[in-house]
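> This is the structure I want to talk about, given as structure tokens.
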Amino acid sequence: MNAPMSKSKKKKKDKDKAAPGEKVVTRNRKAKHDYIVHETLECGLSLRGSEVKSLRGGTVSLNEAYAKVRDGELWLVNCDIPEYFEASHFNHKPKRDRKLLLHRREIRRFAEQAAQKGFTLLPLEIYFKNGRAKVLVGICQGKQKADKRQAMKKADTDRALRQSMMRRR
């Protein structure tokens, strides 16, 4: 006989849920804190075999990573994908530049927007979609200290409001 499931299980937030067929490897949480994201675009990621195995293990760092337009192509720079232990001498360099796969018109549009003063291209998350590695790249603008304080103040008030609503129930 099956026991009834408890109703007190916590549900994940909608923003943390991945779409069906997607497995999120990593998110750049600091980017959302330090930058205002104006627009995002999903890009393919050109990888070697040992890099894919290392990504599937979930060990990747986007802390200092950014995207750069070079010779009409978009490149992911400073993304740290550590070596895959079992790959022996066929391993990759952990911080090598990786090509992002986009159509030319998308690269042109992104390059024009990123060339404006104060804008940069940042990877927001890396995930697998239907077995292929993808990167969500955003056109971002740096926040000032006052903007960060406002965002933290808003988050605190939202949290307090949610807690008071939970107490009322």
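What follows is calculated from the coordinates using simple rules that are stated; it is not laboratory data. Quick caveat, the model's predicted, so the values are computed rather than measured. Positions of Cβ are generated from backbone atoms using ideal geometry, with glycine treated the same way; all protein chains shown enter the neighbour counts.
> Only four residue types carry charge here, +1 at the Cβ of Lys and Arg and -1 at the Cβ of Asp and Glu. Report the dipole size of the chain about the Cα centre in Debye, rounded to the nearest 20.
Charge dipole of the chain: 1080 debye, to the nearest 20.
> With an 8 Å Cα cut-off and a minimum separation of 6 or more residues, compute the relative contact order for the chain in percent.
28
> Taking neighbour Cβ counts within 10 Å as the exposure measure, how do R167, R27 sort from fewest upward?
Least crowded to most crowded, the residues run R167, R27.
> Using just the helices of the chain, give the 222 nm mean residue ellipticity in deg cm²/dmol: DSSP H runs with n ≥ 4 each add -39,500 (n - 2.57), and the total is spread over all residues, rounded to 500.
About -9000 deg cm²/dmol.
> Still on this structure, please answer the following. Fewest Cβ neighbours within 10 Å first, please rank C43, C79 accordingly.
Ranked by crowding around the Cβ, least crowded first: C43, C79.
> Sticking with this one: Any chance you could get the radius of gyration and Dmax over the Cα atoms of the chain, in Å?
19.5, 65
> So, one more: Neighbour counts of other C-beta atoms within 10 Å: give me D156, D97 arranged from fewest to most.
Fewest-to-most ranking of D156, D97: D156, D97.
> Along the charge dipole of the chain, pointing to its positive end and built from +1/-1 on Cβ of Lys, Arg, Asp and Glu, which listed residue (L76, N91, I126) has its Cα farthest out?
I126
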